[in-house]
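Asker: My questions will all concern the structure given below.
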């Protein structure tokens, strides 16, 4: 990765890290389509690396608020979903994969906009876990499915529970992709290079999260994510 690409990707990751530190998700939703536009090789492995790092830091910060029962049910769905995600990665060429990434991001944006408000029941958590495992492994965008289930819970519980799920889920996806032969040392290193930018965004979120109105950033976040996804789809499918 060139220094110019690293700087641009780093800014994207820092902004995503700040968003996720504030509201519990948003790192992949914003970063994935933009990183895929910069270099498709940055998805999904490098993003999974930085998502794992962010999840661990968030979990350490709010460990006491985790809904471990909910995490268990969601992980029950994440495991078979991971298999589906690996199949998608192995089956598509780069152009088709970029289109899938864009469609996945758009689907997640729509999920974030719907008025449907599920509760964190075993059935909804397993279903969301399957969807999260599939999208999360294939495209690194798996957060909105679980976030939708927990949208009516308190901020600390949402952030902590999502962090616990992302920690286990990202590691599961990376292990699965490694077994499938998709993970390389070069891709892992690209992810490691972006971690300092992630940490900067995370640290910035710490003093802001208690007095920050998460709803204020929700709309612009979804607009950026949706617009980036549309550009990615158009560029990959028609150019």
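Asker: Kirkwood-based Rg over Rh for the stretch 120-165 (C-alpha set), two decimals?
Answerer: The Rg/Rh ratio comes out at 0.96.
Asker: Starting at 0 and stepping by 10 Å, how many percent of the alpha carbon pairs of the chain end up in each bin?
Answerer: So the P(r) values, bin by bin, are 8, 36, 40, 14, 1.
Asker: Moving to a separate point now. With each run of n ≥ 4 DSSP H residues scored as -39500 (n - 2.57), what mean residue ellipticity at 222 nm is computed for the chain after dividing by its residue count and rounding to the nearest 500 deg cm²/dmol?
Answerer: Computed mean residue ellipticity for the chain: -27000 deg cm²/dmol.
Asker: Note down the relative contact order for the stretch 3-238 as a percent, whole number, built from C-alpha pairs under 8 angstrom at least six residues apart.
Answerer: This gives 39 percent for the stretch 3-238.
Asker: For the ranges 119-132, 1-14, 40-53, 141-154, what's the packing order if you count other beta-carbon atoms within 10 Å of each residue, average per peptide, and put the highest first?
Answerer: Most protected by this proxy first, the peptides run 40-53, 141-154, 119-132, 1-14.
Asker: A further question on this structure: How far apart, in nm, are two points set 7 Å out from the Cα along the Cα-to-Cβ line at residue 79 and at residue 210?
Answerer: Result: 4.0 nm between the two label points.
Asker: Determine by what factor the alpha-carbon radius of gyration of the stretch 43-142 differs from 2.2 N^0.38 Å, reporting the quotient.
Answerer: Normalised by 2.2 N^0.38 Å, the Cα Rg of the stretch 43-142 equals 1.13.
Asker: I would also like to ask the following. In whole angstrom, note down how far apart the Cα centers of the stretch 140-192 and the stretch 78-102 are.
Answerer: When both Cα centres are located, 15 Å separates them.
Just so you know, all these numbers are worked out from the coordinates, no wet-lab data involved. Fair warning: this is a prediction, and the values are worked out from it, not measured in the lab. FYI the Cβ positions are ideal-geometry reconstructions off the backbone, even for glycines, and counts take in every protein chain you see.
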